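Please treat every number below as a calculation from the coordinates, not as lab data. Keep in mind that this is a model prediction, so the values were computed, not measured. For neighbour counting, all protein chains shown are included, and Cβ atoms are generated from backbone atoms with ideal geometry for every residue, glycine included.
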Amino acid sequence: MTINATRLTVSALATPNLAAVTNVTRAAAVVLGNVPSPEVYVTRVGAIAIGNLPSPEHMVTRICCSILASRTPLYNWIDMIVSDVFPNDISYNSVGSIRFATDVTVVDSGADQRTSRWDQPLMEYDIAYGVRTMEQLQALIAFFRAVKGRLYAFLYLDHLDFTSSVATAYEARSAPPISATDQVIGAGDGSTKTFQLSKTYSTPSGAVSNVRPILCPNVSTVTIAFNGVVQGTGWSVNSTTGIVTFTAAPASGVIISAGYQFYVPCRFDTDTLPMTLEDYGIGSAQSIKVVEVRPASF
């Protein structure tokens with residue numbers, strides 16, 4: 001088996017055991033998963049056979065396997081996200097943006113049709129604005145080298161939106177303290193034990209809303225309530241998926257709510273770190289983008 005292979009092809013004349021199958025022109029299985037021994041991510045396995053042959057003999061003319069694998073030189077799996085938090089003093093002054101992907105078709109009459117390609121947006125941050133001192137520049141260099149540019153994802157604190165609570169008071173300077181009733185994450189049915197942490201964003205009337213899955217909560221800040229009553233025990237939360245698991249399924253009709261602080265899983269959008277020394281003891285970096293990552297299930 002070759003390391004870092006993207007396609008492995010074997011041409012063969014064989015008689016595989018394809019019982020009770022005749023006139024086979026193509027048999028394919030599509031798999032996305034961790035196939036043990038050897039461990040590879042198989043994305044497509046196909047077999048092409050020609051002829052109407054007595055079962056189980058089939059003349060296979062081509063067998064191919066396409067694989068997608070991330071390997072280290074030691075043939076070990078790479079942990080593609082680390083639990084380290086990007087330096088807060090740099091992220092505090094960074095510029096953030098929310099990016100959707102929408103296709104808009106405009107016809108001759110001027111009317112348009114809009115189609116959303118993503119259910120959830122991706123966050124983007126320009127961290128160069130947060131680098132103002134030599135200490136911050138040195139911290140950025142160390143972090144960038146440690147995560148090897150775009151290779152590893154990490155945790156990023158979005159100082160504008162990192163809590164389950166929402167600022168509603170007039171001239172509020174920050175969001176209020178979190179509470180266990182901030183966000184409703186589900187209702188009990190007597191059998192379901194797992195619930196995804198989420199945050200709901202709505203228009204003032206509530207006619208349109210967006211429910212954001214919270215994937216990387218700060219576990220030490222999470223609080224859970226049943227019908228407004230805080231539950232101190234009987235549950236746990238995963239720091240990399242945001243899934244809350246109860247030891248006993250909540251009773252039918254129980255409203256489950258949560259309060260928390262959370263991080264955004266991000267990676268650098270470049271493998272190049274441009275920087276300069278502008279004056280004595282003052283360092284800065286050019287435009288450097290950090291982008292949100294999300295699992296394939298979202």
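What the table below lists for this structure:
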quantity	calculated
Residue-span extension gain [Leu160 to Ala207] - 0.36 nm each, minus C-alpha spacing	14.5 nm
Distant-in-sequence amide H partners of Ala187 (H built 1.01 Å from N, under 5 Å)	Ile256
Of the chymotrypsin sites (Phe, Trp or Tyr not before Pro) in the range 93-158, those whose Cβ has at most 15 other Cβ within 10 Å and which sit in DSSP loop	Phe100, Trp118
Likely footprinting exposure, Ser109, Ser94, fewest C-beta neighbours within 10 Å first	Ser109, Ser94
Protection-proxy order for peptides 251-257, 269-275, each taking the mean of Cβ atoms within 10 Å per residue, highest first	251-257, 269-275
Gyration tensor verdict on the range 98-234 (Cα atoms; rounded if a/c is under 1.5, prolate if a/b is larger than b/c, oblate otherwise)	oblate
Cα-projected label distance for Thr276 with Asp119, points at 7 Å along beta-carbon direction, nm	4.5 nm
The range 127-163-the range 228-273 distance, computed between alpha-carbon centres (Å)	24 Å
Potential extension, Asp189-Val229 segment - 0.36 nm per residue separation minus Cα distance	12.6 nm
Relative contact order for the range 165-260, counting Cα pairs under 8 Å that sit 6 or more residues apart, in percent	39 percent
Residue order, fewest to most beta carbons within 10 Å, for Arg267, Arg145	Arg145, Arg267
Estimated translational D of the range 165-260 in µm²/s (Stokes, Kirkwood radius over Cα pairs; 37 °C; 0.692 mPa s)	234 µm²/s
Long-range HN-HN contacts of Lys199 with modeled amide H, under 5 Å	Arg212, Ile214
